[in-house]
Amino acid sequence: MKYKKNVYHIERSIKKLSDGRKNPKYKTAQIITPLLLGFMLRIKSMNELKLMICENEFKNVLPRRTELPKIDTFRDTLKVIEVDGLEYMLIHTVKKSIKNKVFINGTIGGHTVAAIDGTKIFGSYKKCCPECLTTMVKGKKYYYHNASVMSIIGDGPKLTLGFEMCRPR
C-alpha cells in the first residue's frame, strides 16, 4: 500500500474526482478510497465490502477518524461519478508502470498478456438510473451496470489497462 501511495500518488488523483451528487454528506474521496482498496484486494461484491466496513477492516489504511458511509452511498455515488477522472487515474497508473519497467520481463513466455472480460458492477430490483441496463428476472425488472475490462494476466502485477461501460440499447 505504501508503494502504491508513494509511487502512483493515487490519493492526489482521488481527491480530484467529482460526482453529480447535490450537497453530499461524504466527499467523493471518502467513498472511492475504500472502493479502490476493495478492488486492489479483489473483493468480490459490495456485500463483502459492506461486511469489511462493518468490521472496521480499513482502520489501519484510512486516515484516523475517517467515517465511512453506508453501502448505499457507495452505490449511489458510482451511478453519478464522472468516469473521465477514473480513466485519467487508470491511464496515469499504466504509464507510470511502463516507465517504472514493471512489464520489462513480460508475464508469459516474455510477453505481456492481457485478457478482456465482461463484469457486472452492481444491480438492483428497485434503484435505477438512465444508464442502467435492464432484464427480466423471475418476472421482475432487474436494473444493472456492466463493463468490459482489460487486465494483465500471468505472473506479475494484475494491472487493469482499461475499461468501457456497456450502455443501454
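Using the charge dipole of the stretch 41-132 (Lys, Arg: +1 at Cβ; Asp, Glu: -1 at Cβ; taken about the Cα centre), state which of THR77, ASN47, THR66 has its Cα farthest towards the positive end.
Value computed over the given set: THR66.
In whole Hz, with x marking every Gly and Pro, tabulate ³J(HN,Hα) for the stretch 78-84 from phi via Karplus 6.51 cos²θ - 1.76 cosθ + 1.60, θ = phi - 60°.
4, 5, 10, 5, 7, 5, 4
Pick from VAL113, VAL137, VAL61: which is most flexible by mean-square fluctuation in a GNM of the chain where alpha carbon atoms under 10 Å apart are linked?
Looking only at VAL113, VAL137, VAL61, the largest GNM fluctuation is found for VAL137.
Packing-wise, with mean Cβ within 10 Å as the measure, how do 142-148, 82-88 rank, highest first?
Packing proxy ranking, top to bottom: 142-148, 82-88.
Quick one: how many lysine pairs does the stretch 101-169 have with C-alpha atoms less than 14 Å apart and a gap of 8 or more or different chains? Give me the count, please.
Lysine pairs meeting both conditions in the stretch 101-169 amount to 4.
Long-range amide H contacts for PHE122: which residues qualify at under 5 Å (H placed 1.01 Å from N, peptide plane, sequence gap of 5 or more or a different chain)?
HIS145
Long-range amide H contacts for SER18: which residues qualify at under 5 Å (H placed 1.01 Å from N, peptide plane, sequence gap of 5 or more or a different chain)?
GLU82
Can you pull the three principal axis extents for the Cα set of the chain, in Å, largest first?
The Cα atoms of the chain stretch 50, 41, 28 Å along the principal axes, largest first.
So, in Å, what gap is there between the alpha-carbon centers of the stretch 64-140 and the stretch 154-169?
7 Å
Sorted from largest to smallest, which semi-axis lengths in Å does the alpha carbon gyration tensor of the stretch 1-57 give for its equivalent ellipsoid, taking the root of 5 times each eigenvalue?
The equivalent ellipsoid of the stretch 1-57 has semi-axes of 19, 18, 9 Å.
Given +1 on the Cβ of Lys and Arg, -1 on the Cβ of Asp and Glu, and no further charges, what dipole in debye does the stretch 1-82 carry about its Cα centre, rounded to the nearest 20?
Roughly 260 debye for the stretch 1-82.
Could you work out the relative contact order of the stretch 1-82? I mean the mean sequence separation of Cα pairs under 8 Å and 6+ apart, divided by the number of residues, in percent.
Computed over the stretch 1-82, the figure is 41 percent.
Taking only DSSP H segments of four or more residues, each worth -39500 (n - 2.57), what value at 222 nm results for the chain once the sum is divided by all its residues, to the nearest 500 deg cm²/dmol?
The helix contribution divided over the chain gives -11000 deg cm²/dmol.
Taking Cα pairs under 8 Å and at least six residues apart, what relative contact order does the chain come out at, in percent?
In percent, rounded to a whole number, it is 18.
Springs between alpha-carbon pairs under 10 angstrom, Gaussian network model over the chain: which of THR28, THR66, THR93 fluctuates most?
Of THR28, THR66, THR93, the Gaussian network model singles out THR66 as fluctuating most.
No lab work stands behind these numbers, since they all come straight from the coordinates. For clarity, every value in this text was computed on a predicted model and none was experimentally measured. Neighbour counts are summed over all protein chains in view; Cβ atoms, including those assigned to glycine, are modelled from backbone coordinates with ideal geometry.
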